[in-house]
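A short worksheet on the structure shown next.
The values are calculated or read from the model by the stated rules, or taken from the named source; none is laboratory data. Predicted, not measured: the structure shown is a model, and the values here were computed from it. We place every Cβ from the backbone using ideal geometry, glycine too, and count neighbours over all the protein chains shown. Remember, those area values only see protein heavy atoms, side chains included, never the ligands or the DNA or RNA. Shrake-Rupley method; radii C 1.70, N 1.55, O 1.52, S 1.80 Å.
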Amino acid sequence: MAFFVALLLVGVYSSAAGLLGGGGGGGNGRLEQNSVPDEYVDLVQTWGNLCPELSPALLAAQIQQESGWNATARSHADAQGIAQFIPGTWATHGIDANGDGVADVWDPEDAIPSSANYSCSLAAQLRGVPGDPVDNMLAGYNAGPYAVIQYGGVPPFNETQHYVEVIRSAEAGFTAPAAEAEPVRLPPSHAAAAAVHFAQEQLGTPYLWGGDGGPEDDGRFDCSGLTKAAYEEVGIELPRVANDQWHAGPHPARDELLPGDLVFFAHDLNDSRSIYHVGIYVGGGYMIDAPYTGAVIRFDPIDTADYFGATRPVAR
């Protein structure tokens, strides 16, 4: 499985924002055909649906504006690669999305997911600032989040205002017609959103078998310890072990999954007692999970041969 470690934001969803689904201020979650270089379509399609403020079309428009899809681009300010990260920002937000052991700013398979992660992190940080949340996210990418906070929205910098305007205008050209779009999914609850946010805050934390995240565990978790702690944050008590958590609510089908749903994996797909792993679904076919000893809390795909099903936790 690919190794994803980063400050992902899927987490800070607010249901009022119209969670998941690739909202991006007007995108429908699907890219227009032939609008993105073939080698980047899957990356943009997957990671562009990462948080409600982003969409594949918006991510594509942003990459187009940043580098024109030039993976070797370098600016006068030493912004690097296809997503034009400056070294300090990359050091904090760059991720090894393709699992080759290196977070490489020059590798689009790392840089495009990192751009989505960073944008969504900014969106989460700026949620509550007056103005359009998508515009604020883009302005934060260009001018930094504190400028957006300071000015209560897009700051009065010509470069930043132009950056936001160009990307928002270009977004439509990367968006598939409505007839090609997938159905819009309903937003998850505030509780689920907060649970996802808790999980994303733990990204990069080393796995500990039996870990509950307390001081005695040095803040480390195992898989069910992470899911239990995430829902404790919102007042929902889950059982401690994964196969008991299976019974903590109704079971949505694969095509009904929403961020915050617990996703389970089993040795025997006909027996819930054989469940051995659980993660928190974040959308786009990915979960946040604490996988095993020697790994860290990360993003992993859910569509594997041992996928058992999902549970939507409910308060008792």
Listed residues GLU171, GLU32, GLU216, most fluctuating in the chain (Gaussian network, C-alpha, under 10 Å): GLU216
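With the Cα gyration tensor of region 194-316 giving a ≥ b ≥ c as the square roots of its eigenvalues, does the rule (a/c under 1.5 for rounded; else a/b larger than b/c for prolate; else oblate) give rounded, prolate or oblate?
It comes out rounded by the Cα gyration axes.
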Cα-projected label distance for ASP132 with ILE149, points at 7 Å along beta-carbon direction, nm: 2.4 nm
Whole-number percent relative contact order across the chain, with pairs defined as alpha carbons under 8 Å at least 6 apart: 20 percent
Rounded to whole Hz, the Karplus (6.51, -1.76, 1.60) HN-Hα couplings of region 226-239, x for glycine and proline: 5, 5, 4, 5, 4, 7, 4, 4, 10, x, 10, 8, 10, x
Pair ALA172, ASP271: separation of 7 Å Cα→Cβ label points (nm): 5.8 nm
Residues with amide H under 5 Å from that of TYR207, placed H, sequence gap 5 or more: GLY294, ALA295, VAL296, ILE297
The chain - mean residue ellipticity at 222 nm from DSSP helices (-39,500 (n - 2.57) per run, n ≥ 4, rounded to 500): -9500 deg cm²/dmol
Any cysteine of the chain lacking a neighbouring Cys Cβ under 4.7 Å - listed by number: CYS223
Distance between modelled label sites at TRP106 and ALA305, nm, 7 Å Cα→Cβ extension: 3.8 nm
Computed FRET value (nearest 0.05) for GLU237 with HIS76, which takes r as the C-beta separation and R₀ as 51 Å: 0.40
Accessible area in square angstrom per residue, the chain, 1.4 angstrom probe: 42 Å²
Sulfur and carbon atoms: percent of accessible area, region 45-145 [1.4 Å]: 47 percent
FRET efficiency estimate (nearest 0.05) - Cβ-Cβ, VAL296 to ASN34, R0 41 angstrom: 0.65
Charge dipole magnitude, Cβ of K and R +1, D and E -1 - region 46-180, Cα centre, debye nearest 20: 340 debye
Among GLN245, ILE288, PRO313 the positive-end extreme of the charge dipole of region 161-316 (Cβ point charges): PRO313
Net dipole in debye of the chain [+1 Lys, Arg Cβ; -1 Asp, Glu Cβ; about Cα centre; nearest 20]: 680 debye
Within the accessible area of region 200-316 (1.4 Å probe), percent carbon and sulfur: 49 percent
